[in-house]
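Accompanying notes for the structure given below.
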Amino acid sequence: MDESTELEAAERVVMRWDSSSASTAAAGRDDEPMLFDGAGDRAEAERFLRAVDDIRRLAPPSPAAVGSPRRLSSGSGAAAAASGLGGCSAVQVAMARLEDEFRHVLSSRAFDLEIEALADLTSLSSISSDRSNSLSSVDLPAVDEDDPVAYRVGRRSSYRSLRSIREIDLLPDDAVADLRAIASRMAAAGYGRECAQVYASVRKPAVDASLRRLGVERLSIGDVQRLEWDALEAKIRRWIRAARAAVRGVFASERRLSFHIFHDLPISNVTAVTTISAATHDTPFVEAVKGAALQLFGFAEAISIGRRSPEKLFKIIDLHDALSDLLPDVSDIFAASKAAESIYVQAVEIRSRLADAVRGILSEFENAVLRDPPKTPVPGGTVHPLTRYVMNYSSLISDYRATLTELIVSRPSASARLAAEGSELAPSLADLDLPELENQSPLAAHIIWIILVLEHNLEGKASLYKDTALSHLFLMNNVHYIVHKVKDSPELWSMIGDDYLKLLTGKFTRAATNYQRSSWLKILNCLRDEGLHVTGGFSSGISKSALRDRFKSFNAAFEDAHRVQSGWSVPDTQLREELRISIAEKLLPAYRSFLGRFRHHIENGRHPELYIKHSAEDLENYVNDLFEGAPPTPHNRRRSHG
């Protein structure tokens, strides 16, 4: 068979599948038979591909004939033959048909992505399906192991060797082989651009739908920043889970599919967006996923530039850590391609802004503790809400130690911060000494600074109490809480260090001692002998009048202390018991001794019950009423007339 006859035979095969013919149009596109339908006899499809190859070999198209296959194939085969362009017209008809076939295979043969399984990547050992045999070596591009990009992306198992990425079969292997066969013919005929456009038009909606099913919402930066924090916190949790699935599952799988179809094929520019550099086999992949990737990372960007407030710190660290964890995968998927590199660059910049936000929020937290106004004293001298908040916050900071140690690289500067803030507390804070302990990290210095500022603030709040003893009790409660929060957190303790913990413990001990001295010393002084003895003249011995006054003073002082301090609060059970024991150990022996020495002087007089109102056991019971945060009920009051 000569070349002319061979060409005519090939043209007849192609023209039978003219997508623009009257008979095809009358039948309607939905009912149009397809060559690559994934079932039945494939002989016609193979015959069509051979005919396309023969036409290209025997009648290469002229430059004027290259263009949109849909536009150029609209003329009839007879008209084209009359103009001497029969081979070119057949190529155009073939390209139009192949474009339809490409769209059909890509749309109809796609698997339904198992998003529910994908969203929990920790449970996935391999999502990629073994439902069909591997692609034929004839239809798949060879991979050059000396080409680092091709070697990383091209091999079917390459992403699986990266522990985090899980590729998924988006289409059956035979469908991918058909798509590769179609794309290679279209690209060779100069229609790579049109083929890539069809690919992007089908896969982009599929990618967008996958992200929607993962819970990625289309929110603008303004939408994100207007959300209440509780709602935003929930969205951050969902985003972290969705981002892992999107990057490691959806985007990685899309890249592999695009690679298997377009690798090494000549593809011209797809859109004006890519005109900066020549389009490559990555361009269809980028066009399919770029919008979804920008939407995905846009949420993290909105968080990174939002208002900085202390409650956001830990979720922003979670976001930073999640993005840091994903960046190697983002790099593997996007950074190797010039067309997709901007997505990786954006992710790196967002992580940097999140790190800046973390540093800024920590500084804002320190300033918030500094500026918290005294206001009104908390009832009963209990632990202040600020103390609980700051120490719980500091414990959480220590839990995020690994990340924060990397991000916090400078020590706090009190003078610089006070000057910047113009704080009214500047004069007194200027005297605060931030201890520089051996091998202390900048993060540890910040935590110690936070505690120092908290202590300073608490001293201001303690001054609100009119009762000096209650002021000391308040400081005792709060410093005790600080010490125990440090001891309860091994991470926080290791950062604070034993030396600074000893300083805190010393402050607690001093506050407890000062409370007992200011509250109980005057009561104990009533039990001293001084002033009771009368010497000289005719009346040497004990002054019964002075003794009666001394008992009355003791009773009044003790009962007042009992009445008032029962309403004071020591919330820590162990500390409350230890404080009661300490008071009883000083009070009861002194009272027993005083009572033993002078009781008979009162009992021999009139109305002894007015002076000796309590036994030592009564006092012990009364001491056990102290620090409950409420006055004792009447049935708890005991009286002894001894």
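The values are calculated or read from the model by the stated rules, or taken from the named source; none is laboratory data. What you see is a predicted model; the values in this text were computed from it and never measured. Glycine gets a Cβ as well: all are built from the backbone with ideal geometry, and neighbour counts include every protein chain shown. Quick note on the areas: whole protein, heavy atoms, side chains included, nothing else; ligands and nucleic acids left out. Shrake-Rupley method; radii C 1.70, N 1.55, O 1.52, S 1.80 Å.
Report the full-extension gain for the segment Glu3 to Gln225: residue separation times 0.36 nm, less the Cα-Cα distance, to one decimal in nm.
Details: separation 222, 0.36 × 222 = 79.92 nm, distance 6.91 nm.
Difference between extended and current length: 73.0 nm.
How far apart, in nm, are two points set 7 Å out from the Cα along the Cα-to-Cβ line at Arg517 and at Lys375?
The modelled label-to-label distance comes out at 3.2 nm.
So what J values fall out for the stretch 404-412 if you push phi through Karplus, 6.51 cos²θ - 1.76 cosθ + 1.60 with θ = phi - 60°, rounded to Hz, Gly and Pro as x?
Residue by residue, the stretch 404-412 yields 5, 4, 6, 8, 8, 10, 10, 6, x Hz.
On the protein heavy atoms, probe 1.4 angstrom, tell me the percent of accessible surface of the stretch 464-557 carried by carbon and sulfur.
Numbers: 2600 of 4820 Å².
Carbon and sulfur atoms account for 54 percent of the accessible area of the stretch 464-557.
In the stretch 517-594, which trypsin sites (Lys or Arg not before Pro) are in a loop and have at most 12 other Cβ atoms within 10 Å, using DSSP for the loop call? Each step should come with its number before you reach the end.
Numbers: sites: Arg517, Lys522, Arg528, Lys544, Arg548, Arg550, Lys552, Arg563, Arg576, Arg580, Lys586, Arg592; in loops: Arg528.
When the trypsin sites (Lys or Arg not before Pro) of the stretch 517-594 are filtered for loop state and at most 12 Cβ neighbours within 10 Å, Arg528 remain.
Which order do the peptides 218-228, 314-324 come out in when sorted by mean C-beta neighbours inside 10 angstrom, highest first?
Working: 218-228: 13.0, 314-324: 20.1.
Most protected by this proxy first, the peptides run 314-324, 218-228.
Check Ile542: other-chain or 5+ apart residues with amide H under 5 Å from its amide H, H built from backbone geometry?
The list, which skips near neighbours in sequence, is Val534.
Of all the accessible heavy-atom surface of the stretch 201-357, with the other protein chains kept in place and a 1.4 Å probe, what percent is carbon and sulfur?
Working: 3050 of 5980 Å².
It is 51 percent, rounded to a whole number.
Over 26 Å between Cα atoms: which of Lys507/Lys613; Lys312/Lys485; Lys375/Lys487; Lys487/Lys586 fall into that group? Mind showing how you got there, number by number?
On the way: Lys507/Lys613 38 Å; Lys312/Lys485 22 Å; Lys375/Lys487 30 Å; Lys487/Lys586 29 Å.
In this structure, Lys507/Lys613; Lys375/Lys487; Lys487/Lys586 lie more than 26 Å apart at Cα.
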